[in-house]
1. In sequence order, what are the phi-derived ³J(HN,Hα) couplings for the stretch 159-173 according to the Karplus relation 6.51 cos²θ - 1.76 cosθ + 1.60 with θ = phi - 60°, rounded to whole Hz, with x for glycine and proline?
2. Subtract the Cα-Cα distance of GLN225 and VAL88 from 0.36 nm times their separation in residues, and report this length gain in nm to one decimal.
3. Can you pull the one-decimal nm distance between simple spin-label points at GLN143 and ALA103, each 7 Å off the Cα toward Cβ?
4. Given Cα pairs under 8 Å that are at least 6 residues apart, what percent is the relative contact order of the stretch 106-156?
5. Given a cut-off of under 8 Å on Cα pairs at least six residues apart, what relative contact order in percent is computed for the stretch 134-287?
6. About its Cα centre, what dipole magnitude does the stretch 110-214 give when the only charges are +1 on Lys and Arg Cβ and -1 on Asp and Glu Cβ, stated in debye to the nearest 20?
7. Test of understanding: what is the full-extension gain from ALA59 to LEU269, defined as 0.36 nm times their sequence separation minus their Cα-Cα distance?
8. Taking neighbour counts of Cβ atoms within 10 Å as a proxy for exposure, in what order, fewest first, do ILE219, ILE165, ILE123 appear?
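Every read-out reported here was derived from the displayed coordinates using simple, explicitly stated rules and does not represent laboratory data. Bear in mind that the values here come from a model prediction, so they are computed numbers and not experimental data. Ideal geometry is used to build each Cβ from the backbone, glycine not excepted, and the neighbour counts take in all protein chains shown.
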Amino acid sequence: MAALITPFAIIAGGIGAIALVFYSFRRAITARAEKFGARFAADLEVAGMTISPQTFTFALVGAGAGLWVALLLMLSPPPLVALPALVVCVALVVHVGGTFVKARRGKRVAAFHDQLETVLRTISGGVRVGLGLRQALILVGEQCQDPARYEFLRVVGLTNIGVSILDALDDLARRMTNPETAMLTRVIRVQAQTGGDLAGVLESLAATIRDRRRLRRRIGAITAQGRATGWLLGLMPIGVGGFVFLTQPNLRDAMLHTIIGNIALAVALLLDGLAVFCLMKIVKIDP
C-alpha cells in the first residue's frame, strides 16, 4: 500500500506545484495566451481554415488525451511515467496541429506569391487605361484566382467600411508575410504621397519578382539533394528501430517497459529530430 501511495503523492504534489505557479503568474500567462490566440486566429484565417481557434485547440487537446489513453492501454507504464506521458502526448499532438496550420499557411502564402507578378501586371494595366487604384484592385478580384482573389477583395471590403486603401494594403502585407508584398504596399504608399508613374513602377516591380522567382527555383534545385539526404538520415534510425522492435521482443520490452529504456528512447528521438533540424537549416537559403 505504501508503495502505491508514494508515486501518487509525488504526482499530486507536482499538480499542486503547477497550479500554484499558474495562479502566481496568471496575469502574465493570460496576456500571453490572448496574444497567442489572436496570432493563431490570424494564422488559421490566412491558412484558409474556417474553424475557430478554440474548437481547433480543444480538438488537438482531445486527440492528445486519446493518444495518451491508447498508449496506457497498450504499454501500461508505471505511474511516474504516466503523467509526464500525458503532457508529452498533448504537446506532441498540439505541435503536429500547429505544424499543419503553418504548412497550410505557408502553402497559401506561396501560392499568393506565385500570383503576385500577374496581380501587378493587372493593376498596372488597369491604371494605364484610366482606372483608379481601388477599381484596379476590384479588377484583380474579378480576373485572378484564389488566394489573390480573396485577399484583394478583402482589401476592397476594408475600404468599404472606412479603412483607407493604404492601411488595407498594409494589413495585406502583414497577412502575406513575404518581402514582395511589403514592397508592393510601400511602392503604392510612396506613389500616393509623391505622385509619379505608378503603372511603370509596378511593371518594374513585376519584373523584379519574376527574377527573384527564377533565382528561388534555381536555389531549390541546387539544395534538393541536401534536403533529401537530411530526411533520409532522419528516417533511417526510425526504420532500423522499428525493425529491431519487431525482431527482438526482449529489447522492445526493455525499451518500452522500463524507465531507463523510456529515457534512452526519448533521448534517441530528440537527437534524431535535432539532427534533421540542423540539416534543414544548413540547406535552407533565402534568396
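1. After applying 6.51 cos²θ - 1.76 cosθ + 1.60, I find 5, 5, 9, x, 7, 5, 5, 5, 5, 5, 5, 4, 5, 4, 5 Hz.
2. Numbers: separation 137, 0.36 × 137 = 49.32 nm, distance 3.29 nm.
Full extension from GLN225 to VAL88 adds 46.0 nm.
3. The two pseudo-label positions are separated by 3.5 nm.
4. Numbers: 41 pairs, mean separation 17.1, N = 51.
It comes to 33 percent, rounded to a whole number.
5. On the way: 82 pairs, mean separation 23.8, N = 154.
So the answer I get is 15 percent.
6. On the way: 13 positive and 12 negative charges, 22 e Å.
Dipole size: approximately 100 debye.
7. Working: separation 210, 0.36 × 210 = 75.60 nm, distance 2.55 nm.
Result for the pair: 73.0 nm of gain on full extension.
8. Numbers: ILE219 15, ILE165 18, ILE123 26.
Ordered by Cβ neighbours within 10 Å, fewest first: ILE219, ILE165, ILE123.
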